[in-house]
């Protein structure tokens, strides 16, 4: 392993002219990453404003936002090929142009299919630009390519910007209109294009590897599978699940595309996602942990906004200020992961247990905290714990994919599976399950509470029906949320116990090969593909 990572001298980026100080070159690409991460096809923090000014429903906006996550996830399987086919200058200019077009379209259209397609494409190019920048400065962040360290940087950027972007979007909509966020990001992307034209040279690698042998049909089919899954989770409650033709049709289409993909993977030489990537032990383990963990954390999407807005009466600006608490938790979670997992090499089991302890504390705290008279500052601790727990889980299990022992051709495919299960399923499946659980629990509790509020009760006999109904629904909501927080806390403690009693001696030792080694592997694969085709 040492011959892969011999000392390489002072870090430099040949794409940037020498009149830019060497120490400032990496920060230029971090600035680019921040712009790319802030932008997107649609900004979910402005969903309520978009619903009020367009013909779109809340579900339409969520579907478009999650389609962007699908586009980002599906790009993982080909990101190394794009890296060695195009220079950073071409990649960044192309991505900026597409993202500018996506911002303009999303600011004007109220067509749901166009919005979803635009966000999907924006997610693809957003991931491409992010990888182009991050791969350029990887050796600056960790000269030995220790991916545990590198992913700490990745997640403090990605998760941190999600919180900051929400804050920027809501305050932009508060002082102006929600469309202004699109214009601000269009301006920043245009500024980035100018900076790329001036400060980034068209440096090409030793050999431009063509985009041959890529299973684009498989990419399309996997995209349909992910979009169908997202559609079912987002629109399920609206359409009453499988009682509706739309949900049944999406299910049949998704299952058919999944079956075709699995069948094609059995005989294609280079399928878009291969069977080894789907069945790898670390990938399966990460998928299970993601599904459990992000279902426990789904109260973020289902409860927190409703509780703060409906029960506590927070306006949009007070609601979005809670993102600062989550942002503080993300910083703390990255710090724990960096010093404990990356530097001291704590075991995967230890880090997973820490994340589930934080998740359990978050749920238990809300179980005892939730009430009418909660002050804004009292929400700091649970939101802080949630932010720290989520970033620890994401960083640790993404690192485990690197250490999974997969061939380099299969490794990016595993990242696609990881992106789908961690980002897309984590954001959609849990809220769908918890939301359905909440609706049934509220109906039960409303019936129980309503049975005591009869005309014979002197406290409510003279109360107007509308006021009485609102009081019952509000009280039922609080009781139902408390009940669900309790059940989720029990689940978190149960899984924590399973993790503690299990045995896992594995520690992080994920070292990435040199870029020239990766280029040689890709070049050999393309030559083999051409030889087979010929």
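Using 0.36 nm times the number of residues separating residue 191 and residue 448, minus their current alpha carbon distance, what extension gain do you get?
Details: separation 257, 0.36 × 257 = 92.52 nm, distance 5.92 nm.
So the chain would gain 86.6 nm between residue 191 and residue 448.
Which FRET efficiency value, to the nearest 0.05, is calculated for residue 275 and residue 343 with the Förster distance at 30 angstrom and r the Cβ-Cβ distance? Each step should come with its number before you reach the end.
Details: r = 36 Å, r/R0 = 1.19.
Step by step, r from the Cβ atoms, then E = 0.25.
Helix 348-369 and the longest principal axis of the C-alpha atoms of the chain enclose an angle of approximately 20°. Label sites at residue 248 and residue 90, each approximated as a point 7 angstrom past Cα along Cα to Cβ, lie 4.9 nm apart.
By how many degrees, between 0 and 90 and to the nearest 10, does the Cα long axis of helix 179-199 differ from the longest principal axis of the chain? The answer is roughly 10 degrees. Rounding to the nearest 10 and keeping the result within 0 to 90°, find how far the Cα-based axis of helix 58-75 lies from the longest principal axis of the chain. Roughly 20 degrees, rounded to the nearest 10.
Each of 297, 72 was scored by other Cβ atoms within 10 Å of its Cβ. Listed from fewest to most, they are 297, 72.
How do 317, 421 line up, fewest other C-beta atoms within 10 Å first? Before the final figure, lay out the partial values.
Values: 317 13, 421 22.
Ordered from fewest to most neighbouring Cβ atoms within 10 Å, 317, 421 come out as 317, 421.
Placing pseudo-labels 7 Å out from each Cα toward the beta carbon at residue 55 and residue 30 gives an inter-label distance of 4.7 nm.
Can you put 482, 444 in order of Cβ neighbours within 10 angstrom, beginning with the fewest? Before the final figure, lay out the partial values.
Numbers: 482 17, 444 14.
So the residues, fewest neighbours to most, are 444, 482.
Quick note: the coordinates plus some simple rules give every number you see, no bench work behind them. None of these values were measured; they are calculated from a predicted model. Cβ: placed from backbone, ideal geometry, glycine included. Neighbour counts: every protein chain shown.
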